[in-house]
Amino acid sequence: MSRVLILGSNGLLGQAMQHKFSRYHQVTATSLEEQSYLSDTRLPYIQADLTSRADVRRLIAKASPEIIINTAAYTNVDGCEEEREKCWEVNVLAMENVLEASYVKKPIMVHISTDYVFDGEQGRYRETDLPNPRGNYARSKMAAENILNGADFEYIIARTQVLYGTGEKIRPNFVTWLIESLRANKAVQIVTDQTGSPTYAPDLAEAVYRLLEKETYGLFHVSSPDILTRYDFALQVADIFGLDASLIHETTTDKLQQKSPRPMNSSFILDKLYNNINWQPRSTVQALQHMKSEMER
């Protein structure tokens, strides 16, 4: 049993990590909010601002982690264009603070990164493909990867994309937003020209757990093995949840006039993940079916 510190524990992925790792390890949770969002947890919780060097030093000293899982991030892609300083502080400075505070004992670092490090012109990306980040969010996540890669720590960088799932008090993700909209009989516009590999949060937590158990470190792509457009993904959600698919209307990225560029095809190839742990995340249909059963409990 290891001492595990989960950064950003109140977010969707942070909650999924707590559910997975608390079964087998001594977990401490930390987020910016005063209290843990999980109503049924007895895990130790420490409030901390990761952009504060003093806060991070106190956090690391108190938790004394052997493994740190960093799920904290500023993920509002368009917001990162408007609040560039905040984006850099949360996505880059926080990483520097954690590494500095942990340098003496050097816990294993797990960092969650993104498909946005690619420009999306190619698709079917492997870990060996050359990144080309566009936009402030993408550049900040690439910078954090580079900082960790250059530090003298054992680490796992898990790049993921289109993260979805359910949790307590979480911000809307693509699937929960779509379900809420369709249940309210609201028409939605979904792009047909963005292609990717959606990722179910519990499956990402499972992948990280298995990589750590095998002491397999480095850079890994983690997502569903499926490759589909956002529009087709939305149709699958409507089908699984029994919602009115006629409310889903096609649009294209250029019509949305978003502030930050999006990778048009950032789909992943999962060979490295599968070859190292003999496992890969569920299909999108299987994951959505599991999510539905969780929401009905």
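Here, each number is a calculation from the coordinates, and none is a lab measurement. Because the structure is a prediction, the values reported are computed rather than measured. Neighbour counts run over all protein chains shown; Cβ positions are idealised from the backbone, glycine included.
Return P(r) of the chain (all Cα-Cα pairs; 5 Å bins starting at 0; whole %; ordered from short to long distances). Once binned at 5 Å, the Cα pair distances of the chain give 1, 5, 12, 16, 19, 18, 14, 9, 4, 1, 0, 0. Cross-link partners for Lys259 among the lysines, with Cα-Cα distance under 19 Å and sequence neighbours closer than 8 places in the same chain left out: Lys86, Lys141.
The fewest-to-most ranking of Arg57, Arg230 by surrounding Cβ atoms within 10 Å reads Arg57, Arg230. Neighbour counting of Cβ atoms within 10 Å sorts the residues Asp254, Asp119, Asp40, fewest neighbours leading, into Asp40, Asp254, Asp119.
Ordered by the number of other Cβ atoms lying within 10 Å of each residue's own Cβ, fewest first, Met95, Met142 fall into the sequence Met142, Met95.
Rounded if a/c is under 1.5, else prolate if a/b is larger than b/c, else oblate: which is the stretch 116-158, with a ≥ b ≥ c the root eigenvalues of its Cα gyration tensor? It comes out oblate by the Cα gyration axes. For the pair Gln286 and Glu215 in one chain, pulling the backbone fully straight at 0.36 nm per residue adds 22.8 nm over the alpha carbon distance. Take the Cα of Thr128, step 7 Å toward its Cβ, do the same at Glu168, and the gap between the two points is 4.5 nm. Over the chain, dividing the summed -39,500 (n - 2.57) contributions of all DSSP H runs of at least 4 residues by the number of residues returns a 222 nm mean residue ellipticity of -11000 deg cm²/dmol. Placing +1 on the Cβ of every Lys and Arg and -1 on the Cβ of every Asp and Glu, with no other charges, gives the stretch 244-297 a dipole of roughly 200 debye about its Cα centre. Cross-link pairs exceeding 29 Å in C-alpha to C-alpha distance, out of Lys169/Lys214; Lys62/Lys169; Lys106/Lys292, comprise Lys169/Lys214; Lys106/Lys292.
The GNM of the chain, with springs linking C-alpha atoms under 10 angstrom apart, assigns the highest mean-square fluctuation among Gly150, Gly123, Gly79 to Gly150.
Express in nm, to one decimal, how much length is gained between Ser2 and Ser52 on full extension, taking 0.36 nm for each residue of separation and deducting their alpha carbon distance. Intermediate results must be reported in sequence, preceding the final value.
Values: separation 50, 0.36 × 50 = 18.00 nm, distance 2.58 nm.
Going from the current span to full extension adds 15.4 nm.
Using the Kirkwood radius over Cα pairs, work out the Stokes-Einstein diffusion coefficient for the stretch 166-297 at 4 °C and 1.567 mPa s, in µm²/s as a whole number. Kindly include the intermediate steps, with their values, before the conclusion.
Working: Rh = 16.1 Å.
The diffusion coefficient I find is 80 µm²/s.
Gyration tensor analysis over the Cα atoms of the stretch 144-219 returns equivalent ellipsoid semi-axes of 33, 15, 11 Å (largest first, whole Å). Compared with the direct C-alpha span, the chain from Lys62 to Lys255 gains 64.5 nm at full extension, assuming 0.36 nm per residue.
Return the percentage of antiparallel bridges among DSSP beta bridges fully within the chain, rounded to the nearest 5 %.
Of those bridges, close to 5 percent are antiparallel.
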